[in-house]
Ligand code: G3P
Ligand code: MG
């Protein structure tokens, strides 16, 4: 069962803006997206920041690991210039800042917990606790679209999230579906399976849906492929091509 938006901008603004930045969110909004997937990990001081890679250098100017720096240092670092000079000065967002922007602009969130290796448990705990605190009583609302969905490739992070904030929904991210997926999803009390569409087939899609899970795919950039997997019963996906696949795609 999937109670959330169907089409999400991947990493904020897909491939049209620097990933995991506020500029990316603005770009998604400009294309009509009010649903987003983004990645979160911990700075050295345990403060969650919005980043995909556990190291600097690709999207963020600098070198070393994210956990070598406190959040106060990371938020001064350029996260836009790698994409284009137009975005120079765009910085690494704090998780709290990113969530606030989404709340202010009515953007639904799929928060991917992306722990650096060795930090799985503390990242899952920190992100879930902070999300729970940021949403407070809103969690009690009936409209699930108000509540973020946590996801992770790390079962350890999801187990920690379950313990820290059991009322926040969780999704298990799997690149490929191996035989143990049902046991893992059940133990983590996941509401959805998030999987790589490249390894999905129709039989597997039916199996996931028949087991009662929401089915979300990443990262679908071809409209023809999008139509194909939707016909299999896929509920939702994220896309980099927010210019080709709009929020009302069907
Ligand atoms: O959450 C789905 C997707 O974002 C997973 O891959 O590497 O883009 O975080 P990645
Ligand atoms: Mg992601």
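Every number in this text was worked out from the coordinates using simple rules, so none of it is lab data. Here the structure is a predicted model, which is why all the values come from computation and not from measurement. All Cβ positions, glycine included, derive from the backbone under ideal geometry; neighbour counts span all protein chains shown.
Which order do peptides 94-101, 71-78 fall in by mean Cβ count within 10 Å, highest first?
94-101, 71-78
Just to be sure I understand: with springs between alpha-carbon atoms less than 10 Å apart, which residue in 172, 204, 130 has the highest mean-square fluctuation in the Gaussian network model of the chain?
204
How much FRET efficiency would the formula 1/(1 + (r/R0)^6) give for residue 222 and residue 68, where r is the Cβ-Cβ distance and R0 is 30 Å, rounded to 0.05?
E between residue 222 and residue 68, to the nearest 0.05, is 0.20.
Would any residue of the stretch 26-54 have its amide N under 15 Å from a label point 7 Å out along Cα→Cβ of residue 100? List them or say none.
48-50
When DSSP beta bridges are limited to those with both residues in the stretch 64-213, what percentage is antiparallel, rounded to the nearest 5?
Beta bridges within the stretch 64-213, antiparallel portion: roughly 10 percent.
Give me P(r) over the stretch 1-137, computed from all C-alpha to C-alpha distances, binned every 5 Å, as integer percentages.
It works out to 2, 11, 21, 23, 21, 14, 6, 2, 0, in whole percents.
Arrange the peptides 63-70, 228-235, 18-25 so that the one whose residues have, on average, the most other Cβ atoms within 10 Å appears first.
Top of the packing list down: 18-25, 228-235, 63-70.
Sort 177, 1 so the one with the fewest other Cβ atoms within 10 Å of its own Cβ comes first.
Fewest to most other Cβ atoms nearby, the residues stand as 1, 177.
How many percent of all Cα-Cα pairs in the chain sit more than 28 Å apart?
The proportion of pairs with Cα distances above 28 Å equals 28 percent.
Taking Cα pairs under 8 Å and at least six residues apart, what relative contact order does the stretch 102-245 come out at, in percent?
Taking the mean separation of contacting Cα pairs over the length of the stretch 102-245, I get 17 percent.
Apply 1/(1 + (r/R0)^6) to the Cβ-Cβ distance of residue 176 and residue 86, taking R0 = 41 Å, and write down the FRET efficiency to the nearest 0.05.
Computed FRET efficiency for residue 176 and residue 86 comes out at 0.65.
Among bridges DSSP assigns within the chain, what percent are antiparallel (round to 5)?
Expressed as a percentage, antiparallel bridges in the chain total about 20.
Sort 159-169, 29-39 by the packing proxy (mean of other Cβ within 10 Å over each peptide's residues), most packed first.
Top to bottom by mean Cβ count within 10 Å: 29-39, 159-169.
Among the DSSP beta bridges whose two residues both lie in the stretch 17-128, what percent are antiparallel, rounded to the nearest 5?
50
Using alpha-carbon pairs under 8 Å, 6+ residues apart, how would you state the relative contact order of the stretch 93-181 in percent?
31
What span do the alpha-carbon atoms of the stretch 102-229 cover on each of the three principal axes, reported in whole Å from largest to smallest?
Largest to smallest, the principal-axis extents are 39, 34, 26 Å.
What's the exposure ranking of 158, 200, going from fewest to most Cβ atoms within 10 Å?
By the 10 Å Cβ count, ascending, the order reads 200, 158.
Let me know the Kirkwood hydrodynamic radius for the stretch 36-90, please, with Cα pairs as the basis and the value in Å to one decimal.
Here the Kirkwood hydrodynamic radius works out to 11.3 Å.
Given only helices, namely DSSP H runs of n ≥ 4 each adding -39500 (n - 2.57), what is the per-residue ellipticity at 222 nm of the chain, to the nearest 500 deg cm²/dmol?
About -8500 deg cm²/dmol.
Shape of the stretch 64-138 from its Cα gyration tensor (a ≥ b ≥ c, root eigenvalues): rounded if a/c is under 1.5, otherwise prolate when a/b > b/c, or oblate?
Oblate, since a/c reaches 1.5 and b/c is not below a/b.
Please state the relative contact order of the chain as a whole percent: Cα pairs under 8 Å, 6+ residues apart?
Once normalised by length, the contact order is 21 percent.
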